[in-house]
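The values are calculated or read from the model by the stated rules, or taken from the named source; none is laboratory data. Bear in mind that the values here come from a model prediction, so they are computed numbers and not experimental data. Here the Cβ positions follow ideal geometry from the backbone for every residue, glycine too, while neighbour counts run over all protein chains shown. Just so you know, the surface numbers come from the protein's heavy atoms only, side chains and all, with ligands and any DNA or RNA stripped out. Shrake-Rupley method; radii C 1.70, N 1.55, O 1.52, S 1.80 Å.
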Amino acid sequence: MAWTFTDDVAAYGAAAGGLLSSEPERHTVLLSVLATLTSRGPTAFGPVAPLLGWWSDGETVTAAILRTPPYPLLTTSLDGRSAAELAAVLAGRGTVLSGINGAEPDAAAFAQAWRDVTGQQGRAHQRQRLYRLGKLIPPNPVPPGAARVATAGDTAIARSWYSAFAAEAGQEDAPSGMIENRLGAGQLMLWEAAGEPASMAGMTDVINGTARIGPVYTPPSLRGRGYGGGVTAAITALARDRGAASVVLFTDLANPTSNSLYLRLGYEPVEDRVVITFEGSPRGPGY
């Protein structure tokens, strides 16, 4: 078994695509980032070429990683040997990592191996929970107002709210062009109350039958009125209408309000994940 690395997006998709597609819910971020790199090119997330890799015996791929600087390394499940060898090979290549994002056991195994070979300490930046929709339960009572699909005319408020969400979550801001692409694809919704936007939610493309909701943002002055629940239910229904057999989202486990909200809407826990940042790298996820 050995790691193979490339910056060729098509070659990575050919090698690792089957593994990623085998569990589209757990691999939702890897799949959506790969789709963006495929459609928009290798600089979709920044000027530095992506790092793409897979672990195999020459025939069967059993693990994969993807990194688009400055974002953390994304990983599938890693067994102990693949995590240790990944850390050793990346360190030998002189790779600089801001962090790792994966299921808690896998991210922790890599962080330990990374510390062993580099001396660089990792810290848990954010613990997340992946949820899958069971049966959608609309908010009751429905908050005042209604949802609508955002348009190009909403670019300024969408960009402002994306930035505010990233700042609150300690994440990188949205990559250049991402907001405009989502607006063009009808993948952002606003909840309007009294004729004014009150909350926002986004969704990804439907990939292998799965769509991911996020971000969901309500300005602080408008929270506690149900707008976030209203717009989340609306965009969940939109994802289903567009062919998603499964709808997933991530929450910050440190935020009990959002976790309880999604449970009330019919989302069910799948697995816990962690973003571990390495010394000198304060930012976390941002896809």
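Any idea which residue in the range 34-63 is nearest to the chain's Cα centre (by Cα), counting only those that are hydroxyl-bearing (S, T, Y) and part of a loop (DSSP other than H, G, I, E, B)?
T43
Just wondering, is there one or more residues in the range 205-222 that are among the hydrophobic types (A, V, I, L, M, F, W, C), over 20 Å from L130 (Cα atoms) and in contact with a Gly (Cβ under 7 Å, 6 or more places away or on another chain)?
Taking every residue of the range 205-222 in turn, none turns out to be among the hydrophobic types (A, V, I, L, M, F, W, C), over 20 Å from L130 (Cα atoms) and in contact with a Gly (Cβ under 7 Å, 6 or more places away or on another chain).
Give the range 21-33 a look and list any residue that's of a type in the set (A, V, I, L, M) and either open to solvent by less than 20 Å² (accessible area, probe 1.4 Å) or part of a loop (DSSP other than H, G, I, E, B) (or both), or say none.
L30, L31, V33
For the range 189-204, enumerate the residues that are touching a residue at least 12 places away in the same chain (Cβ under 8 Å), in a loop (DSSP other than H, G, I, E, B) and surrounded by fewer than 19 Cβ atoms within 10 Å (Cβ to Cβ).
Scanning the range 189-204 gives a single hit, A194.
Condition test on E168, is it open to solvent by 50 Å² or more (accessible area, probe 1.4 Å), within 18 Å of R129 (Cα to Cα) and not small (G, A, S)?
Criteria met by E168.
Counting only residues that are surrounded by 16 or more Cβ atoms within 10 Å (Cβ to Cβ) and in contact with a strand residue (DSSP E or B) (Cβ under 9 Å, 6 or more places away or on another chain), how many does the range 76-88 have?
7
Among the residues that make up the range 260-271, is at least one of them open to solvent by less than 60 Å² (accessible area, probe 1.4 Å) and more than 24 Å from G145 (Cα to Cα)?
yes
Could you please find all residues in the range 56-70 being of a type in the set (A, V, I, L, M, F, W, C) and farther than 16 Å from G102 by Cα?
Across the range 56-70, the qualifying residue is only V61.
Sort out which residues of the range 9-35 are of a type in the set (S, T, N, Q) and touching a residue at least 40 places away in the same chain (Cβ under 8 Å), and write them in order of number.
S21, T28, S32
Sort out for me the strands (runs of 3 or more DSSP E) sitting completely within the range 79-174 that have 2 or more residues that are within 23 Å of the chain's Cα centre (by Cα) and of a type in the set (S, T, N, Q).
Result: 122-133.
Working only within the range 208-233, note down all residues that are surrounded by 21 or more Cβ atoms within 10 Å (Cβ to Cβ), over 18 Å from I179 (Cα atoms) and out of contact with any Pro (no Cβ under 7 Å at 6 or more places or on another chain).
Once the filter is applied, which keeps residues that are surrounded by 21 or more Cβ atoms within 10 Å (Cβ to Cβ), over 18 Å from I179 (Cα atoms) and out of contact with any Pro (no Cβ under 7 Å at 6 or more places or on another chain), the range 208-233 yields only G228.
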